Amino acid sequence: MISRESPAFFHRGPSPLARLTFFTLAAIALMIADHRFHALETVRLSLSAVAQPVQQVATMPGEAVARLGDYFASQQRLMRENQDLKAKVLEQSAAAQEARLLKAEQEHLLAMTSSRYVENGAIAEVLYTARNPFTRKIVVDRGLTSSMKAGMPVIDGSGVVGQVTSVGTFSSEVTLVTEKDQSVPVMVVRNGLRAVAVGSGKDGSIDIPFMPVSADVQNGDVFVTSGIDGTYPPGLVVAEVTSVQKNSAYVFAKISARPMACVDNFRYVMVLPLPAPSVARPETKAEEQPRKGPKDRARSRRQ
């Protein structure tokens with residue numbers, strides 16, 4: 001039988017304490033040599049180059065988990081920011097629309113306040129249109145408490161809007177110049193020709209009836225109030241001629257005009273007071289006449 005035991009030499013060796021001491025001294029010597037003479041610089045660089053791929057592979061799972069968490073966190077943050085931006089855009093759009101409306105109303109009010117009637121006029125806000133859809137009327141927030149009276153003319157920054165026709169305690173009804181059979185005495189600015197503007201009531205236009213075919217009226221002529229009715233002050237812009245049809249077979253021409261005022265737009269108008277009635281000159285009373293003397297009486301008898 002063949003024995004497989006190792007030679008007795010390999011069972012003999014330094015004791016563990018001796019090996020510990022040897023390796024400790026060797027390590028200390030290597031540290032001193034590396035610190036003083038940089039003897040292990042090349043070895044360290046080689047070991048770091050070999051260990052770099054191992055470190056990258058070891059850190060890949062942690063980095064993947066961290067990137068995944070950052071991805072979902074950034075997605076939630078972006079969704080939140082997107083919702084906030086949408087809300088801000090809606091707020092800004094509403095504010096922009098309100099600013100445009102305020103700017104338009106401010107320009108409209110400035111146009112009215114630049115009128116020569118601003119000292120006597122009163123600004124009124126349009127509350128709503130008349131309940132009857134077949135009439136062209138509006139209701140304003142001025143009534144008896146604001147000294148409103150029926151017949152007062154209503155204008156805006158561009159021209160005549162209409163006339164107060166009904167007065168309540170806190171509101172009044174205004175009939176627009178485009179209402180059917182609503183008439184305004186006018187005159188042509190270019191040549192002073194007098195006429196009467198009557199609302200058509202159908203498409204927001206104004207007709208000029210009973211104008212002879214031979215009358216000098218052209219497209220683009222502007223009609224202003226003549227002031228002869230005692231209701232509208234003279235010089236207020238009413239309408240501009242848009243169509244003139246003359247046929248020798250008829251006595252009168254067919255003239256259409258468009259109102260210069262924004263009768264269907266904006267929220268504010270100006271109500272003007274009625275013109276003051278003209279004071280008639282008092283007649284000389286009989287007792288105030290000069291007395292005739294004797295010579296005057298004799299002269300009157302000879303006559």
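Look through region 241-273, keep the residues that are within 31 Å of the chain's Cα centre (by Cα) and closer than 21 Å to VAL189 by Cα, and return whichever of them is modelled with the lowest pLDDT.
Filtering region 241-273 for residues that are within 31 Å of the chain's Cα centre (by Cα) and closer than 21 Å to VAL189 by Cα, the one modelled with the lowest pLDDT comes out as CYS262.
If we keep just the residues of region 210-227 that are over 17 Å from SER158 (Cα atoms) and part of a strand (DSSP E or B), which is least open to solvent (accessible area, probe 1.4 Å)?
MET211
Sort through ALA94, ALA73, ALA58 and tell me the only one that's within 30 Å of ASP156 (Cα to Cα) and either in a helix (DSSP H, G or I) or open to solvent by 100 Å² or more (accessible area, probe 1.4 Å) (or both).
Going through ALA94, ALA73, ALA58 in turn, just one is within 30 Å of ASP156 (Cα to Cα) and either in a helix (DSSP H, G or I) or open to solvent by 100 Å² or more (accessible area, probe 1.4 Å) (or both): ALA94.
So which residues in region 228-240 are under 36 Å from the mean Cα position of the chain (by Cα) and either in a loop (DSSP other than H, G, I, E, B) or farther than 24 Å from THR135 by Cα (or both), if there are any at all?
Answer for region 228-240, where residues must be under 36 Å from the mean Cα position of the chain (by Cα) and either in a loop (DSSP other than H, G, I, E, B) or farther than 24 Å from THR135 by Cα (or both): THR231, TYR232, PRO233, PRO234, GLY235, LEU236.
With the requirement that a residue be modelled with pLDDT of 70 or more and of a type in the set (S, T, N, Q), what does region 99-120 give you?
Passing the criteria: GLN106, ASN120.
Are any residues in region 241-279 under 15 Å from VAL224 (Cα atoms) and in a loop (DSSP other than H, G, I, E, B), and if so, which ones?
Those that are under 15 Å from VAL224 (Cα atoms) and in a loop (DSSP other than H, G, I, E, B): MET260, ALA261.
Only residues that are closer than 21 Å to SER158 by Cβ and open to solvent by 60 Å² or more (accessible area, probe 1.4 Å): list them for region 230-259, please.
PRO234, THR242, ARG258
Do any residues in region 142-169 that are more than 13 Å from LEU236 (Cβ to Cβ) have Cβ atoms under 8 Å from those of residues that are hydroxyl-bearing (Ser, Thr, Tyr) and modelled with pLDDT under 90, where the two are at least six apart or on different chains, and which pairs are they?
Correct list of pairs: GLY151/THR231.
Could you grab the pairs with beta carbons closer than 8 Å, sequence gap of 6+ or different chains, first residue in region 78-106 and closer than 30 Å to PHE266 by Cβ, second one open to solvent by less than 60 Å² (accessible area, probe 1.4 Å)?
Once the first residue is closer than 30 Å to PHE266 by Cβ and sits in region 78-106, its partners that are open to solvent by less than 60 Å² (accessible area, probe 1.4 Å) give GLU105/TYR268.
The values are calculated or read from the model by the stated rules, or taken from the named source; none is laboratory data. All values derive from a computational prediction rather than experimental measurement. Methodologically, a virtual Cβ is constructed for each residue, glycine included, from the backbone with ideal geometry; neighbour enumeration extends over all protein chains shown. What goes into the accessible areas is simple: the full protein's heavy atoms, side chains included, and nothing from ligands, DNA or RNA. Shrake-Rupley method; radii C 1.70, N 1.55, O 1.52, S 1.80 Å.
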